[in-house]
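Structure record follows, encoded as structure tokens.
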Amino acid sequence: MEEREEMNDPHEIIITIRKDSKSTRVVQFSDLYALQTEIEKMIYLWNTNCYYVDVVNRTFIINGGRKMQIEKMGECKILYRRRTQFEKGIDSDDSEPKNKKINWILGIEEIETKKVVFVQISEDGRNWSWEDKL
Amino acid sequence: MAATVVITETNGPQASSTETVDPSNINMGSVDDAELVPATYPITAKTDGHAFEKWLRMYVSAMGGSSIIDNLKIWLSSLGGGWKTGEGMSTNLRESGYVQATYPTAGPVETNSPDAGQVMPETEPSGPNLGISGSLGGQITSSPAYSDWAVLQLDVTSSTPAGSVNQKTITFQYDEQ
């Protein structure tokens, strides 16, 4: 996973409500998880390097602040993934459960070329990164 | 609701094998058992020394509303204090040239594993390194279901010092759609 260097703030996910650009908030994981059934469409904005995520009753911009080196996409479909990691100890007498981490991934795929861009967001909503494919 | 995915470890000859679901650890040693105590079953330092192989699978007991589980990755995410002299880990996990392993008729071996010919990755692989139905691009679409076998083996040499090796952590990862 490549951590991009040009993000506005690598430690927060800032969502700007489209209808009121002055209003921003930090998204928590529970909000993002709930988006799965509510997203109507997701559009990459080529000029501003942002995602428009159209949600029932509200429209969000997920602002990456990153100039992405990919070609302009045509018709896209939305992809969702939930990425889970869990750990086990080796050569350990510790039988306590190890960490379990969940990342939420939103993506778009151009239907014609299958080019994919993903936004990966950590469970606590404090770390996020881009990747051009899985 | 998320899928329920755990690790299983299988031990013993194929005809009488036993499966441990969600073992608390995958300790390696000189006995073919799950959740073994390393101090009781130490690995002898010698030329071409090995622990018994570990034969593991990722097991999906419930899809939890997901339609696809794929992109399986396994790697050593922490070496604790690092490798001791002559210590290392071999595996069948690989991102290219993948070959599905078949559980051995006689069970896991304590000699050099014929299935674990790769070096265990110590960083997250860029792509899946464990297959489903023989393919790295395979998908699980219903439960219950297993991944392919992941074979791990701890290796030592005659130079490996006496005493405990460092405790390590292995990470298992999967995606749900």
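The values are calculated or read from the model by the stated rules, or taken from the named source; none is laboratory data. Note that this is a predicted model, so its numbers are computed, not measured. Counting neighbours? That spans all protein chains shown, and the Cβs are built from the backbone with ideal geometry, glycine included.
Count of segment B:99-118 residues, restricted to those that are in contact with a strand residue (DSSP E or B) (Cβ under 7 Å, 6 or more places away or on another chain) and β-branched (V, I, T), is 1. Just one of the listed residues (B:T91, B:T105, B:T123, B:T171) is over 18 Å from B:S30 (Cβ atoms) and within 10 Å of chain A (Cβ to nearest Cβ), and it is B:T171.
With the condition kept exactly as written, say whether any residue in segment B:84-94 is among the hydroxyl-bearing types (S, T, Y) and free of Cβ contacts under 8 Å to residues at least 60 places away in the same chain. No - not one qualifying residue is present in segment B:84-94. If the condition is being of a type in the set (S, T, N, Q), assigned to a loop (DSSP other than H, G, I, E, B) and more than 15 Å from B:S78 (Cα to Cα), then segment B:110-135 contributes B:T111, B:N112, B:S113, B:S126, B:N129, B:S133.
Take B:G163 and tell me if it is surrounded by fewer than 19 Cβ atoms within 10 Å (Cβ to Cβ), without any contact (Cβ under 8 Å) to a residue 12 or more places away in the chain and part of a loop (DSSP other than H, G, I, E, B). Yes. Taking first residues from segment B:99-114 that are at positive phi and partners that are at pLDDT 95 or above and surrounded by 12 or more Cβ atoms within 10 Å (Cβ to Cβ), the Cβ contacts under 8 Å between residues at least 6 apart in sequence or on separate chains come to B:G107/B:N11; B:G107/B:G12; B:G107/B:P13; B:G107/B:Q14; B:G107/B:S17; B:G107/B:D32. Of the residues making up segment B:43-57, not one is aromatic (F, W, Y) and more than 22 Å from B:A106 (Cα to Cα). Scanning segment B:57-68 turns up no residue that is surrounded by 15 or more Cβ atoms within 10 Å (Cβ to Cβ) and within 28 Å of B:T85 (Cα to Cα). The lone criterion from (1) surrounded by 20 or more Cβ atoms within 10 Å (Cβ to Cβ); (2) within 17 Å of the chain's Cα centre (by Cα) left unmet by B:I140 is number (2).
When the criteria are applied in full, B:A145 fails the requirement of being buried (at least 17 other Cβ atoms within 10 Å of the Cβ) and within 14 Å of chain A (Cβ to nearest Cβ).
When B:I43 is tested against (1) surrounded by fewer than 21 Cβ atoms within 10 Å (Cβ to Cβ); (2) over 18 Å from A:K88 (Cβ atoms), exactly one condition is not met: (1). With respect to B:S78, is the statement that it is under 18 Å from the mean Cα position of the chain (by Cα), modelled with pLDDT under 95 and farther than 24 Å from B:T47 by Cβ true? Here the answer is yes, as B:S78 does meet what is asked.
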